[in-house]
Amino acid sequence: MPSGAVVTQTLPLSALYVLEMSGIAPADTVLEIAPADARLIMMRHGQPDNTEFAILRFPAKVFTPPPGRDSVRISVRPRPGVYGVELTTDAPFGNGAKIVFKYPIHFSAPVGARQAYGSLVRLERALSVAQLQPDGRYALLVSTRPASDNLEAPLSGPGTYLVVAPRELPQER
């Protein structure tokens, strides 16, 4: 994992609440970019509201292009019914790439999460972006809040990213 991604804990999916999504899902996004170019990919929910779902930021020169190629292919597919994406690229990338999930309207607390946390505010404070690991567990990444109802984390490479909260509540301090 690149040094920009800090993992707080690693848990199986059964130990996580996954933030659910309603409304019309964003469309898959596939594009090719020049590796030297910065790119911002904005995914939006479908018509009629077109609200933002996620933004992926790739700084200039973050990609190492495949040998003999002058472009990099990026594919982002939203995960059905949840705040999550599957990111694939045909080239590795280094530090600096980020994802911001935006959930001001279409989010829904997973069954049992509101009761377990006692309120939506406490649930939201526990949310983080998690990345699926090769062993099937999810690495919870240190996530920040650039704005209300926004959750940002570094992208540490291709893979599946979800917005989650642990089922076991963190200890109060």
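The values are calculated or read from the model by the stated rules, or taken from the named source; none is laboratory data. None of these values were measured; they are calculated from a predicted model. No Cβ is skipped: glycine too gets one built from the backbone with ideal geometry, and neighbour counts run over all protein chains shown.
Structure data summary
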quantity	calculated
Near pairs, Cβ below 8 angstrom, 6+ apart or cross-chain, from the range 105-122 (over 12 Å from SER22 (Cβ atoms)) to any residue that is of a type in the set (Gly, Ala, Ser)	ALA113/ALA165; TYR117/ALA126; TYR117/ALA165; LEU120/ALA109
Count of residues meeting criterion [closer than 16 Å to VAL6 by Cβ and in a strand (DSSP E or B)] in the range 122-158	13
Any hit, the range 25-32, residues being among the hydroxyl-bearing types (Ser, Thr, Tyr), in contact with a His (Cβ under 7 Å, 6 or more places away or on another chain) and within 21 Å of THR160 (Cβ to Cβ)	no
Check on LEU140, modelled with pLDDT of 95 or more and either surrounded by 13 or more Cβ atoms within 10 Å (Cβ to Cβ) or over 15 Å from the mean Cα position of the chain (by Cα) (or both)	yes
Qualifying residues in the range 75-127 (those that are among the charged types (D, E, K, R), under 15 Å from the mean Cα position of the chain (by Cα) and within 23 Å of PRO59 (Cβ to Cβ)) - the one surrounded by the most Cβ atoms within 10 Å (Cβ to Cβ)	LYS102
Residue within the range 110-119 that is assigned to a strand (DSSP E or B) and either touching a strand residue (DSSP E or B) at 6+ places or on another chain (Cβ under 7 Å) or farther than 15 Å from GLN131 by Cα (or both) present	no
Of all residues in the range 37-56 being outside any loop (DSSP other than H, G, I, E, B) and touching an Asp or Glu at 6+ places or on another chain (Cβ under 9 Å), the one that is surrounded by the fewest Cβ atoms within 10 Å (Cβ to Cβ)	MET42
Residues that are surrounded by fewer than 18 Cβ atoms within 10 Å (Cβ to Cβ) and in a strand (DSSP E or B), drawn from the range 61-74	ARG73
Single residue of ALA34, ALA15 found to be under 25 Å from VAL121 (Cα atoms), at pLDDT 90 or above and surrounded by fewer than 16 Cβ atoms within 10 Å (Cβ to Cβ)	ALA15
Failed criterion for GLU86 (all others in (1) of a type outside the set (A, V, I, L, M); (2) assigned to a strand (DSSP E or B); (3) farther than 25 Å from ASN50 by Cβ hold)	(3)
